[in-house]
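Here the structure is laid out as structure tokens; the discussion comes afterwards.
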Amino acid sequence: MFSLPTLLRLYSTTDGEARSRVSEAKLSISELEDRVDRLSLLSMALWTLVREQLNLTDEQLAQRVQDIDLTDGKLDGKISKASSKCEKCGRMLSTRHVKCIYCGRVKQGITPV
Ligand SMILES: [Zn+2]
């Protein structure tokens, strides 16, 4: 087996690696929080600009968010990467678009503004 000094070195290395990974994870979380804050700011700026320019309402935005959220069949506040087929032409639908890019059919559950 391992000698006591070897075991102690292994434990300390493992402990050091664990601390290092925790530090890296905290840094990653902090960077992600900063990115989310910047994206939130950008989204708010874009929405207020679009709302003013196109005379849209917050209710229309909320409806569109709900419609897009429901494109994967679940109202969970997330966009699923799962894809589906167009009911009209049978081609694969992108989760990023509200309608089929090939035939133009609006996805089920989407209400165009
Ligand atoms: Zn289609």
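If you go through segment 76-86 and pick out every residue that is over 14 Å from the mean Cα position of the chain (by Cα), in a loop (DSSP other than H, G, I, E, B) and surrounded by fewer than 13 Cβ atoms within 10 Å (Cβ to Cβ), you end up with 1. Cβ-Cβ distances below 8 Å connect the following pairs, each with a first residue in segment 49-74 that is surrounded by fewer than 15 Cβ atoms within 10 Å (Cβ to Cβ), a second residue that is of a type in the set (Ser, Thr, Tyr) and not in a helix (DSSP H, G or I), and a separation of six or more residues or different chains: Arg51/Thr57; Gln63/Thr111; Lys74/Ser80. Tallying residues that are hydroxyl-bearing (Ser, Thr, Tyr) and in a helix (DSSP H, G or I) within segment 41-64 yields 2. Of all the criteria given as (1) of a type in the set (S, T, N, Q); (2) touching a helix residue (DSSP H, G or I) at 6+ places or on another chain (Cβ under 8 Å); (3) modelled with pLDDT under 85, the one not satisfied by Thr57 is (3). If we keep just the residues of segment 60-100 that are modelled with pLDDT of 85 or more and among the polar types (S, T, N, Q), which is nearest to Ala45 (Cα to Cα)? Of everything passing the filter in segment 60-100, Gln60 is nearest to Ala45 (Cα to Cα).
Considering only segment 49-74, state which residues are among the aliphatic types (A, V, I, L, M) and either over 14 Å from Thr95 (Cα atoms) or more than 22 Å from the chain's Cα centre (by Cα) (or both).
Step one: of segment 49-74, the residues among the aliphatic types (A, V, I, L, M) are 49-50, 54, 56, 61-62, 65, 68, 70.
Within segment 49-74, Leu49, Val50, Leu54, Leu56, Leu61, Ala62 meet the criteria.
The values are calculated or read from the model by the stated rules, or taken from the named source; none is laboratory data. Computed from a prediction, not measured in an experiment: that's the story for all the values here. Backbone-built Cβ (ideal geometry, glycine too); neighbour counts: all protein chains shown.
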